[in-house]
1. Looking only at the range B:294-328, count every residue that is within 14 Å of chain A (Cβ to nearest Cβ), small (Gly, Ala, Ser) and under 24 Å from the mean Cα position of the chain (by Cα) and tell me the total.
2. Residues of the range B:329-356 being within 13 Å of chain A (Cβ to nearest Cβ), in contact with a helix residue (DSSP H, G or I) (Cβ under 9 Å, 6 or more places away or on another chain), in a strand (DSSP E or B) and of a type in the set (A, V, I, L, M, F, W, C), which ones?
3. Of all residues in the range B:76-112, which are closer than 20 Å to B:Gly273 by Cα, surrounded by 16 or more Cβ atoms within 10 Å (Cβ to Cβ) and either polar (S, T, N, Q) or over 22 Å from the mean Cα position of the chain (by Cα) (or both)?
4. Which count do you get for residues in the range B:163-196 that are part of a loop (DSSP other than H, G, I, E, B) and open to solvent by 80 Å² or more (accessible area, probe 1.4 Å)?
5. Looking at B:Arg359, B:Arg291, can you tell me which residue is among the charged types (D, E, K, R) and either touching a Gly at 6+ places or on another chain (Cβ under 6 Å) or within 14 Å of chain A (Cβ to nearest Cβ) (or both)?
6. Mind listing whichever residues of the range B:315-350 are open to solvent by 40 Å² or more (accessible area, probe 1.4 Å), touching a Ser or Thr at 6+ places or on another chain (Cβ under 9 Å) and touching a residue at least 40 places away in the same chain (Cβ under 8 Å)?
7. Taking the residues in the range B:43-73 that are modelled with pLDDT under 95 and open to solvent by 10 Å² or more (accessible area, probe 1.4 Å) as candidates, determine which candidate is nearest to B:Leu146 (Cα to Cα).
8. How many of the residues making up the range B:1-36 are acidic (Asp, Glu), more than 24 Å from the chain's Cα centre (by Cα) and modelled with pLDDT under 95?
Amino acid sequence: MNIPDQLKYAESHEWTAMSDDLATIGISDHAQTELTDIVYVEVPEVGRVVSPGEPVAVVESVKAASDIYAPISGEIVEVNEAVQNDPELVNTDPYGEGWLFKIKAEDTSQLDALMDAGAYKTHIS
Amino acid sequence: MSEEDNSEVKQTPLAARHLELGAKMAAFAGWEMPIQYAGIMSEHLAVRENAGVFDISHMGQIWVRGPHALEWLNGVLTNDVAGLEIGEGQYTLMLNDKGGVIDDLIIYRTGEAELFLVVNASRIEVDFKWLEEQAYRHIEEGGIELDNDSELFAGLAIQGPKAVEVWEAMAGESGGALPERNHIAQVIAENGDSLILCRTGYTGEDGFELFCPAASAVLWFDKALAAGSEPCGLGARDTLRLEKCYPLNGSDLDEEHTPLEAGLGFFVKLDKGEFVGREILAKQKENGLDRRLCAIRMTVKGPPPRPHYGVCQPDGGEQIAELSSGGLSPSLKEGIGMAYLPQDSAKVGTKIEIDVRGRRYEAEVVKKPFI
């Protein structure tokens, strides 16, 4: 199971990569394995302001639709067009091409509430 | 995934095997069942192109015996049992007094006055209780013997164009041939196992259902795998049957809808004589139906349609129904579903919309089956 060290993780399996105040969010390798074949991705609208724990996206497998939650507060500034055309990217490259959306973080200290790789590894085992 | 209370959930004899094969399990009809192994899409395509094996040990098996068995069953089921030859089976329905569907099942005539019913897992107790109630008088007169042997059997469904070859490999030299389409055979295998083979299935492909003693389940499952079948779970079972518009009890069939509304008139023989629910059906045939189970196909790219999503008039119009079944068709790569639509929206070609999380996606009523 791939759990990159430099990312932060939510209990609901979203990963966050920070670059200054720009957060990129996707779902973990564990999550995409559980979901299996992803057939549809619904991303939020650019410009929407979100809070932690708010459902903002949907990832659908054959069997079920899963809500994806914003891990931090801020404005959605970019969404991944590629995954909307090619949902399998979330399965094949969950930490790379399979990213879902980017948030301009209001308060980067909110990252402290998220787990590091070690804690997430414990969480999923 | 939600955490379920598994204290009441039963295990089939293949439970450990499924886990060894990497199955994702979930509770269904009170049983711990494999939903998928390698993935729903690949399992589905394996059945369409080669052969897949499904654990159907959870399904029910009821024997009906007695000098009046045929005549009595004809008063309780919709299809004409009296027309069956020994060894022949038919799809049929068990209705309540209002013509609503208690269960859909396959009945086989295994003897002069002996019949074998294969019923849905979720309805075993309900079906048996209903049959006992209906037989009450006859049992008192010594005419009808009912046996629920569900616990004794394990079951496998082997489905796909290569199903016959799979059986030949499983059966070995002395195995014998599969019965012909819709027929049943009882055979003794080389190892002494009593097997029941039914040339039928729920996928639209050639195939058979094999019922063996519960203790031999792993043996026969392993033979099916060794013979080249792909292990397939309930996820693929659902996508396969939906592509063929086979209704699912509990989703498309229930006690609130009649078989005529479900489009199953072919399996209802109104002229054979009295049977439970006949009166309502005869009226529906005379007066016409208010609603019909229709096949619906998405006409735009969008999220998969799912059971209970709203079916609506086009252009943001009002909701007229909800999907009883729905999903992404692995063969077509498009969203498909079924819903009971009001008669004036039930015509093939009717344009509708599916409501997914508040957004509308265009769809239309199409001919059955989808493929």
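1. Selection size over the range B:294-328: 3.
2. Matches in the range B:329-356: B:Ile336 only.
3. Within the range B:76-112, B:Thr78, B:Asn79, B:Gln90, B:Thr92 qualify.
4. 6
5. Criteria check complete, one pass: B:Arg359.
6. B:Ser331
7. So, considering only residues that are modelled with pLDDT under 95 and open to solvent by 10 Å² or more (accessible area, probe 1.4 Å), the one nearest to B:Leu146 (Cα to Cα) is B:Gly66.
8. 3
The values are calculated or read from the model by the stated rules, or taken from the named source; none is laboratory data. Predicted model, so just to flag it, every value in this text is computed and none were measured. Ideal geometry is used to build each Cβ from the backbone, glycine not excepted, and the neighbour counts take in all protein chains shown. Ligands, DNA and RNA are stripped out before the accessible areas are found, and what is left, the full protein with its side chains, is counted by its heavy atoms. Shrake-Rupley method; radii C 1.70, N 1.55, O 1.52, S 1.80 Å.
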